[in-house]
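See below for the structure under consideration.
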Amino acid sequence: FHGSAIPKCFLEISISTSLGVIAYYWHRDHDSVHYIGHQLLGVLLAFLVVFRSQIAWSLYLSGYSTLYTMRGTLINLANMSMAPLLNSSFETGEPLAPEAQELVRMLKLF
């Protein structure tokens, strides 16, 4: 059960199973079985599953677009900060400062 949700919800599973067994033995002598309650519960659960998956998908897309925007902003910021350093280095002929070299090294990650 490593990585499974079953141990975390074992109490709820045991309660619902015991209530189901009690309900079965309490109503076993009746000949008529009503399926409307189970159908309504199934429709409700299907609706909740679809609604939940749509919420999860929208949150994923929101996070993805935010990270993509942050990445673009970071690259623009790095380019804006590197341009003056590179221009001064090319004009004077001196090597880049250690801070600029570190910034270039970080830009290689992109």
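The values are calculated or read from the model by the stated rules, or taken from the named source; none is laboratory data. Please read these numbers as outputs of a predicted model, since none were measured by experiment. When the accessible area is computed, the model is the full protein with side chains, heavy atoms only, and any ligands, DNA or RNA have been set aside. Shrake-Rupley method; radii C 1.70, N 1.55, O 1.52, S 1.80 Å.
Structure notes:
- Fraction of the pair-distance distribution of the chain above 20 Å, Cα-Cα pairs, percent: 72
- Temperature 10 °C, viscosity 1.306 mPa s: under these conditions the Stokes-Einstein estimate for the range 57-110, based on its Kirkwood radius over C-alpha pairs, is 124 µm² per second.
- Residue-averaged [θ]222 nm for the chain, counting only DSSP H segments that reach four residues, each worth -39500 (n - 2.57): -27500 deg cm²/dmol
- Carbon + sulfur, % of accessible area of the chain - ligands and nucleic acids excluded, 1.4 Å: 69
- With the convex hull drawn around the C-alpha atoms of the range 36-79, the volume per residue stands at 23 Å³.
- Solvent exposure of the chain amounts to 92 Å² per residue of accessible area, where only protein heavy atoms count and the probe is 1.4 Å.
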